[in-house]
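The structure appears below as structure tokens.
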There are 2 protein chains.
Amino acid sequence: MPTPSSSSTKNSCNSLDFERPSTTVDVVMFAVRDGRLHVLLVKRADTPGEPFPGQWALPGGYIDVLKDEDLEACALRKLKEKTGVVSPYLEQLGSWGSKTRDPRGWHSTHAYFALLPTASVITPVSGANASEADWIPIVGKGVSHKLAFDHQTILEAAVARLRNKVEYTSLPAFLLPETFTLSELQTAFETVLGRELDKSSFRKRVEDAELVVALKNKFREGSNRPAQIYKLRSKTAPVFFPRAIGDSKSRAAK
Amino acid sequence: MPTPSSSSTKNSCNSLDFERPSTTVDVVMFAVRDGRLHVLLVKRADTPGEPFPGQWALPGGYIDVLKDEDLEACALRKLKEKTGVVSPYLEQLGSWGSKTRDPRGWHSTHAYFALLPTASVITPVSGANASEADWIPIVGKGVSHKLAFDHQTILEAAVARLRNKVEYTSLPAFLLPETFTLSELQTAFETVLGRELDKSSFRKRVEDAELVVALKNKFREGSNRPAQIYKLRSKTAPVFFPRAIGDSKSRAAK
DNA sequence: TAAGATAGTTGCATAATACCACGAACCGTG
DNA sequence: CACGGTTCGTGGTATTATGCAACTATCTTA
């Protein structure tokens, strides 16, 4: 993760030029491990002079104007560097920028969030060039660590967005391996949602939306009655259900 | 709208420093004029050397690291400069950044979209310091002009987002003056949606969501039967309806 | 072979909307 | 001052996707 070598306070030049804010890209990467939702966080270097040394932060960093063609390419690069995954579900989350969010001066960040299939999580973290990294479980609105910068805010926004979208999209499907049973799919929804769902309703919904395709003669065996194995009809495009799941009371903002 | 005085190709300094992308904020401002949805566009200066001279573009420009506290403040500043409106509905739309979207080099922009009440549109455009500006009608997915940079893409994203949100939120209410009749409210929805709605369903929806409050003994007179006048229960917070409007077929992406 | 567990189905209740029809209040005209 | 025309406002049934509950099916384990 690149870092400006001059971490001096102001980076404007002799400047008739406008002083320009620094720009970063951060990625909130979600995955399910042993039935719980996790985020990938990195521990910042303990170098003095660097802001928030030794603190947990979202993976990300400065845009490389030579390597990165555009914002999404930059996010994908960081994703690949950290997890090795090349084409996960990736969505722009929003951007945060202010005078004060980074002690080095005006910074803005473009935040993305990604959903990684469980398979790829087995490669937990290559201890790459950068510092430590680990999967941290989501607790409540975020995570039980203090995060660097405004990453707490960003993470909470990502969790809120994901939880909200579960209500009417098929996003949790992207947290599963290529093939899965309907029970596993339902569990993924429940994990993200933090609440149990009715089996019958869930299956009708999935069926009517034509989200999945049954694999002929493929069954998950070993645990009692064998379960039909399915795959997604579209590996990349999420499905939008006609109505939100859950009772109208539980739904609220954004 | 500020512009870097050195419009030379590269703006990195002597630089051990990382070369950093330029950052702008653009605002898609919507309003309803004589029954049609409009956007505010500005004509770029005809200065040679400037990219896209004389072309229509979204209002926006570079972040002022001295004046702007954060991104939203920057968007609000531009809104006020162009329209005089100080507290409209404002929502972050997304960000676009790439090596090629601005011929001067790596640029990224933070895009917002705003909904302005019809009253404030009477002040169409102060010909302020900058160049020409005008309200342009939305046709189809966007506007029938060629726009500078990737502003066509951004505008289309804004229109799509607005149209999508009409289905399940009360956003069009922010396009109306403080007080209005239910018919006017419905018309605002229809204007944005581009399709007619059933009166009975619409009113039940609005009623159940407790979106509006009736003003006792206030009626719009002059046109046949007087109509009850209402105001929003909350001037700032949108309401989320329990289900999407319209038949499930018409609904599709994002 | 019976008990337990997971998979999968069926039927009725519910909630918010679509669709259609009607009543209410005001405006113009003759 | 009756009467058609227009806009405002409401009420009734149909539709659709979900919630909820009971039931059957198939395998494992003892």
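List of remarks:
- Residue in region A:159-166 that is polar (S, T, N, Q) and either within 11 Å of DNA strand C (Cβ to nearest atom) or on the phi > 0 side of the Ramachandran plot (or both) present: no
- Candidates A:221, A:210, A:178: the one that is outside the structural domain of residue A:101 (by TED's automatic domain parsing), surrounded by fewer than 12 Cβ atoms within 10 Å (Cβ to Cβ) and within 30 Å of residue A:25 (Cα to Cα) is A:178.
- Residue within region B:42-54 that is in contact with a Leu (Cβ under 9 Å, 6 or more places away or on another chain) and surrounded by 22 or more Cβ atoms within 10 Å (Cβ to Cβ) present: yes
- Here is the figure for region A:73-92: residues that are within 11 Å of chain B (Cβ to nearest Cβ) and open to solvent by 20 Å² or more (accessible area, probe 1.4 Å) total 2.
- Counting only residues that are within 12 Å of DNA strand C (Cβ to nearest atom) and either touching a Phe, Trp or Tyr at 6+ places or on another chain (Cβ under 6 Å) or of a type in the set (Lys, Arg) (or both), region B:212-225 holds 2 of them.
- Restricting region B:23-55 to residues that are of a type in the set (A, V, I, L, M, F, W, C) and more than 22 Å from residue B:192 (Cβ to Cβ), the residue that is nearest to the other protein chains (Cβ to nearest Cβ): B:25
- Answer residue from region A:226-247, given it is among the small types (Gly, Ala, Ser) and in contact with an Asp or Glu (Cβ under 9 Å, 6 or more places away or on another chain) and is nearest to DNA strand C (Cβ to nearest atom) among those: A:227
- Number of residues in region A:188-227 that are among the basic types (Lys, Arg) and in contact with a strand residue (DSSP E or B) (Cβ under 8 Å, 6 or more places away or on another chain) equals 2.
- Some residue of region B:60-72 being modelled with pLDDT of 95 or more, more than 14 Å from chain A (Cβ to nearest Cβ) and surrounded by fewer than 19 Cβ atoms within 10 Å (Cβ to Cβ): no
- Enumeration of residues in region A:190-211 that are within 11 Å of DNA strand C (Cβ to nearest atom) and of a type in the set (A, V, I, L, M, F, W, C): A:202, A:206
- Among the candidates B:167, B:184, B:190, residue that is open to solvent by less than 60 Å² (accessible area, probe 1.4 Å), charged (D, E, K, R) and under 20 Å from residue B:118 (Cα atoms): B:190
- From the options A:193, A:171, residue that is under 29 Å from residue B:161 (Cα atoms) and within 11 Å of DNA strand D (Cβ to nearest atom): A:193
- Of the criteria (1) part of a loop (DSSP other than H, G, I, E, B); (2) within 14 Å of chain B (Cβ to nearest Cβ); (3) out of contact with any Leu (no Cβ under 7 Å at 6 or more places or on another chain); (4) under 30 Å from residue B:237 (Cβ atoms), which one residue A:238 fails: (3)
- Single condition residue A:206 does not satisfy, out of (1) at pLDDT below 95; (2) farther than 28 Å from residue A:139 by Cβ; (3) near DNA strand D (Cβ under 10 Å from one of its atoms): (1)
- Among the residues of region A:21-34, those that are under 20 Å from residue A:186 (Cα atoms) and either open to solvent by less than 50 Å² (accessible area, probe 1.4 Å) or part of a strand (DSSP E or B) (or both) comprise A:30, A:31, A:32, A:33.
- Some residue of region A:146-162 being in contact (Cβ under 8 Å) with a residue 24 or more places away in the chain, farther than 26 Å from residue A:100 by Cβ and crowded, with 18+ Cβ neighbours inside 10 Å: yes
The values are calculated or read from the model by the stated rules, or taken from the named source; none is laboratory data. Computed from a prediction, not measured in an experiment: that's the story for all the values here. In this analysis, Cβ positions are derived from the backbone assuming ideal geometry, glycine residues included, and neighbour counts consider all displayed protein chains. Each accessible area value is taken on the protein alone, full model and side chains, heavy atoms only, with ligands, DNA and RNA left out. Shrake-Rupley method; radii C 1.70, N 1.55, O 1.52, S 1.80 Å.
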